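Heads up, the thing below is written out as structure tokens.
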Amino acid sequence: MKQCTHADALPHPEPEPRGTTCPECLAEGTDPVQLRLCLDCGHVGCCDSSPRQHARAHHKETGHPVMRTFEPGESWRWCFVDHVLV
């Protein structure tokens, strides 16, 4: 079973969210679908189900590997590099 090689390097505690919604969607006037929180820097971005996929774009731009859901009642994490749940 494949494992995330980045989880041990995540900051503790996790970073504070930079906002409450996807700033790129807000600037573009689009509605985000499901929010994600970057566990390196606290950027909030929309998920791959959103038309613009800003969380994935943030990963591609910064190389930050792991994000977690930013949806109430959910707690899973995803590693973009290793393509696994953390």
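The values are calculated or read from the model by the stated rules, or taken from the named source; none is laboratory data. Since the structure is predicted, the reported quantities are computational estimates derived from the model, not experimental observations. When we count neighbours, we look across all protein chains shown, and the Cβ atoms used for this are built from the backbone with ideal geometry, even at glycine. Please note that ligands, DNA and RNA were not included when accessible areas were found on the heavy atoms of the full protein model with its side chains. Shrake-Rupley method; radii C 1.70, N 1.55, O 1.52, S 1.80 Å.
The longest stretch of the chain left intact once loop-based trypsin sites (Lys or Arg not before Pro) with at most 13 other Cβ atoms within 10 Å are removed from consideration, loops following DSSP, is 19-86.
Calculated accessible area for the chain comes out at 61 Å² per residue, all protein chains present (probe 1.4 Å; ligands, DNA, RNA ignored). Computed from the Cβ-Cβ distance with R0 of 22 Å, the FRET efficiency linking C41 to D8 stands at 0.80. As a fraction of the 1.4 Å probe accessible area of region 29-86, surface on carbon and sulfur atoms comes out at 48 percent. Using Cβ point charges alone (K and R +1, D and E -1), the dipole size of the chain about the Cα centre works out to roughly 160 debye. Once a ≥ b ≥ c are taken as the square roots of the eigenvalues of the Cα gyration tensor of the chain, is the result rounded (a/c under 1.5), prolate (a/b larger than b/c) or oblate (a/b not larger than b/c)? Note, shape of the chain comes out prolate. A 1.4 Å probe over all protein chains sorts F70, F80 by accessible area into F70, F80, starting with the largest. Determine, from the Cβ-Cβ distance of T30 and T62 and an R0 of 25 Å, the FRET efficiency 1/(1 + (r/R0)^6), rounded to the nearest 0.05. Between T30 and T62 the formula returns 0.75. Is any residue of region 1-16 close enough, with backbone N under 19 Å, to a label point placed 7 angstrom from the Cα of H83 along the Cα-Cβ axis, and if so, which? The answer is 1-7.
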